[in-house]
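Okay, structure first, notes after.
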Amino acid sequence: MPKLLIADRDSTERTGIKWFVTSHQFPFSQVDEAATVEQLIEHIEAQCPDVVMLELEMIPDGALAQVTHLLKTYVRRVICLTTEPVFERALQAIELEAASLLVKPLEPGRLKRALRQASAVLSPDDSSGYVCTASLADRKTDTSTPPDALAYTALFIDHALEQPPALLLVQPEKAAYNKELFRWLERFPFLVPASVYALSDMVACVLSVHEKGPVENEHELLQQEGKRLLQQWREHHQTRLNVAIHPSALPAASLHEIYLRSKEALKLQFYKGHQQLFWVDEQPPFVAIDPFLTYL
């Protein structure tokens, strides 16, 4: 069942909201509190709550960027609270992609509606199909997680690689699903160590297929991973994906080159549609022609 975090400086507000949630039997398995921005950050990193009720005035300017990043990356629904019904707070709520913005003193009817809407989109077994079982600090030291030697910027800037990784470039049917896709892929149980990077309309999954030793059946492994992505995303979200696969065995000078090749392979969806695997090393050659000058 989903978890709820109430982040508010006022202990009376926190206690009242917690009582309201409990008395109305909303389907939250755990209801926690945070009284400071430091507690908020620590709790998100440690517990990955599904829903956060956040007092906007709690967040100082110096922590806004970090809190925004954590909420967008690890929290599935945000409900904003404010004592200032002004345009600036509305913009802040929009920036946080909040599901609701409630003005204090809270009206029971609106609070109930906001909580019902937030909990309704979260099934009891987590609609993404995966549960956050480890804290962010654990993930950083977990031996099963590859060190982030492949920086995010390496996707866009040429940087020589000693051991080229495999890349799965995953694109949702609609760009609006990209944020949810990123969160889902971060929790996806890849068969090999993987780093996941969110892009504007797709997600890059860098797979360290040889980190634990040589892999002889890389093609089969990547084929299996690609099919699992297509099938499980379709089952849980009723939308389709396309996945471009660049095996590590295909020579490449940089991750940037791997990314560009994979991005080019995704263009074939124009001809083949969605729910497809596009292998970079199996793409047909394209020849540019001038339709007015070429003899047919």
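Taken together, the values in this text are just the output of simple stated rules run on the coordinates, not laboratory data. Model, not experiment: these values are computed from the prediction. All Cβ positions, even for glycine, are placed from backbone atoms using ideal geometry, and neighbour counts span all protein chains on display.
Residues within the reach of a label modelled at residue 84 (point 7 angstrom out along Cα to beta-carbon, backbone nitrogen below 13 Å), restricted to region 39-57, are 56-57.
Inter-label distance, residue 191 to residue 95: 4.4 nm, where each label sits 7 Å from its Cα along the C-beta direction. Length available on full extension from residue 12 to residue 174: 0.36 nm per residue minus the Cα-Cα distance, which gives 54.1 nm.
The gain in end-to-end length when the residue 110 to residue 282 segment is fully stretched comes to 56.5 nm, 0.36 nm per residue minus the alpha carbon separation.
Could you state, as a whole-number percent, how many of the C-alpha pairs of region 143-282 are farther apart than 27 Å? Summing the P(r) tail past 27 Å for region 143-282 gives 12 percent.
The modelled label-to-label distance between residue 63 and residue 216, using points 7 Å beyond Cα along the C-beta direction, is 5.4 nm.
Classify region 3-120: rounded, prolate or oblate, from the alpha-carbon gyration tensor (a ≥ b ≥ c, eigenvalue square roots; a/c under 1.5 rounded; otherwise prolate if a/b is larger than b/c)? Since a/c stays below 1.5, the shape of region 3-120 is classed as rounded.
Extending 7 Å from the Cα toward the beta-carbon at both residue 270 and residue 238 defines two label points whose distance is 3.1 nm.
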